[in-house]
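Student: Dumping the structure here so I can ask a few things about it.
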């Protein structure tokens, strides 16, 4: 099992003997099957031409017509070349591997006789370097009474999707993987009605880099509306450093990639032309080597500010509320800092080294402010104290306490989580609401006043609902167990999975994640959930409504705690067995975990030096 997925994939959807569903797309006719979940299912639908040969590092193009015979669409598509994360243990699952450059396919799941149903387009995670269309949304569709259609797309990864430099910009396309995703969204607009979907009711969703992708599509072309989607689900939106396309970091990766591919001295060819002509196996090895050569948990090839698709750093554009889409359901996990953070920060000197290597552009004032807001002067280096997750509303806080670590090691986990996942979630919620961040005086270079001025123009035009997934172990990716799950998940439990899937389904189908109290309680009379005054509905107002930074804390209690040991540096508890009940709380996101809102303002203020 990949730790990154934390996932019990649904049982293989065995085709039935019913008349297979067939759809003519004009350029090709695809024959799918009726799965054991009672859904018409098509796998490996080609949505773009193969990005091979001269099409490498170019914007995607329409598939060539191939309609002389019916194409069977019953097998999983080949995954794109895989480029893993640096220095992570093999058991974590962030490992490089071979793939097929001809991988621009999508899978589609639709109820029989579907008519004008809303659509979820899912973009998979994996650090922009790993995984594929491997998640089956069928159980979640069934849980929501077959009320929507699911589409899951693949896109170019690693160097194939995110190689960047001045030369790539001049002769090809930077952010090619994002362009693939956008091309798939255009495919949905053109073809989804043939499967019974409504192109005017599209939700784009993703986890980790998939959620980072949907964030970037909300920011695309300056946030100008193109009517490709109206709703967004962003679960732990991955927001790593985002450089300009020709900054020193992507240029260095480009040169190293070219050298490893045998194009360091291209002779009569340009470096770019040499790469276009190079054998795939050599390029795949080069992509994997560069991607895994950085700091612990990092990926080498990532989205960049190209001045076109991505006009400016995400944190800055979000501060101005320049986003497309109408509504967002955005969340993070309680322990999102695991497992991509260096697990060996156990001394003051290693902590200082971590800060200077992770944030090399920080000024002395930046570092001084960071130490102040993370209370490091009062944090011990040792990791010997009892470990347990915090409540979020009372001390101790996640600054130095969780079920994963304590002391400075936990501080590092929290810094990584907040810079990479938690604060982007907060910024997205603010961008889709009228709620400004708290004021901060850190670093002088604050954009908070500009954000507060711009936020007033959003009143009533956007909506956001924010949550935290706190179900133990709540590491990064553990939430996938709740929405892509087997029929009887060992954890987080059937009652929770059903409620969580209903929350997502309500957002996709009804434009609001608010469900009935009965659904939220999961049929368990001793569950605890916030209720509206009439006792009928989950009390979960949109973020910023009435000046409240409302956040729903999703958790469970009961059952039996079982200790899982992955490595000597990573162990956690899972709650299994009978008696697990839902425990939901409505909390304030600004004061959460000892003032996360203020820390997120700090990270926005220093965004140019992260950069993010």
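Student: Cα gyration tensor of the range 108-256, axes a ≥ b ≥ c as square roots of the eigenvalues: rounded (a/c below 1.5), prolate (a/b > b/c) or oblate?
Tutor: Judged from the Cα gyration tensor, the range 108-256 comes out prolate (a/c at least 1.5, a/b above b/c).
Student: Using DSSP, restrict attention to beta bridges with both residues in the range 348-609 and report what percent are antiparallel, rounded to the nearest 5.
Tutor: Close to 80 percent.
Student: Calculate the length of the line joining the C-alpha centroid of the range 492-571 to that of the range 176-194, in whole Å.
Tutor: 31
Student: Take every DSSP beta bridge with both residues inside the chain and express the antiparallel ones as a percent of the total, to the nearest 5.
Tutor: Of the beta bridges lying entirely in the chain, close to 45 percent run antiparallel.
Student: Now for a different question. Does the range 22-312 come out rounded, prolate or oblate, given a ≥ b ≥ c as the square roots of the eigenvalues of its C-alpha gyration tensor, rounded meaning a/c under 1.5 and, failing that, prolate meaning a/b above b/c?
Tutor: Verdict is prolate for the range 22-312.
Student: Here's something else I'd like to know. Using helices alone, I'd like the mean residue ellipticity at 222 nm for the chain: each DSSP H run of four-plus residues gives -39500 (n - 2.57), total over residue count, nearest 500.
Tutor: -8500 deg cm²/dmol
Student: What percent do you get for the relative contact order of the chain when only Cα pairs under 8 Å and 6+ apart count?
Tutor: 14
Student: Arranged from highest to lowest average of other beta-carbon atoms within 10 Å per residue, in what order do the peptides 388-397, 48-57, 252-261 appear?
Tutor: 252-261, 48-57, 388-397
Student: Just to be sure I understand the model, the point goes 7 Å from the Cα along the line to the Cβ. What's the resulting residue 516 to residue 273 distance in nm?
Tutor: That separation, rounded to one decimal, is 6.8 nm.
Student: If you stretched the chain out fully between residue 586 and residue 252, how much longer would it get, using 0.36 nm times the residue separation minus the C-alpha to C-alpha distance?
Tutor: Using 0.36 nm per residue and subtracting the Cα-Cα distance, I get 115.6 nm.
Student: Taking the convex hull of the alpha carbon atoms in the range 348-609, what volume per residue do you get, in Å³?
Tutor: Spelled out: Cα convex hull of the range 348-609, divided by residues, is 140 Å³.
Student: Tell me, in nm to one decimal, what length is gained between residue 61 and residue 344 on full extension, where the rule is 0.36 nm per residue of separation less the Cα-Cα distance?
Tutor: Full extension from residue 61 to residue 344 adds 97.3 nm.
Student: Right, something else. At a 10 angstrom cut-off on C-beta neighbours, averaged per residue, how do the peptides 297-305, 239-247 rank from highest to lowest?
Tutor: In decreasing order of mean packing, 297-305, 239-247 become 297-305, 239-247.
Student: Hey, rough spin-label estimate for residue 534 and residue 116, points 7 angstrom out along Cα→Cβ, what's it come to in nanometres?
Tutor: 2.6
Student: How many angstrom lie between the C-alpha centres of the range 101-132 and the range 138-165?
Tutor: What the calculation gives is 4 Å, centre to centre.
Student: While we're on this one: From the square roots a ≥ b ≥ c of the eigenvalues of the alpha-carbon gyration tensor of the range 74-166, which class results: rounded (a/c under 1.5), prolate (a/b over b/c), or oblate?
Tutor: prolate
Student: Now a separate question. Grab the Cα-Cα distance for residue 282 and residue 72, subtract it from 0.36 nm times how many residues apart they are, and report the gain in nm with one decimal.
Tutor: Working it through step by step, the gained length comes to 72.5 nm.
Student: Next up: Within the range 22-312, what percent of beta bridges assigned by DSSP are antiparallel, to the nearest 5?
Tutor: So the antiparallel bridges in the range 22-312 amount to around 45 percent.
Student: Which order do peptides 554-562, 427-435 fall in by mean Cβ count within 10 Å, highest first?
Tutor: Top of the packing list down: 427-435, 554-562.
Student: Would you mind getting me the FRET efficiency between residue 31 and residue 526? Use the beta-carbon distance for r and R0 = 45 Å, nearest 0.05.
Tutor: Given R0 = 45 Å and the Cβ-Cβ separation, E is 0.40.
Student: While we're looking at this one, here's another question. How large is the Kirkwood hydrodynamic radius of the chain, in angstrom, based on all distinct alpha carbon pairs?
Tutor: Hydrodynamic radius (Kirkwood, Cα only) of the chain equals 24.4 Å.
FYI, it's all coordinate maths here, none of it is from the lab. Quantities reported herein were computed from a predicted structural model and do not represent experimental measurements. No Cβ is skipped: glycine too gets one built from the backbone with ideal geometry, and neighbour counts run over all protein chains shown.
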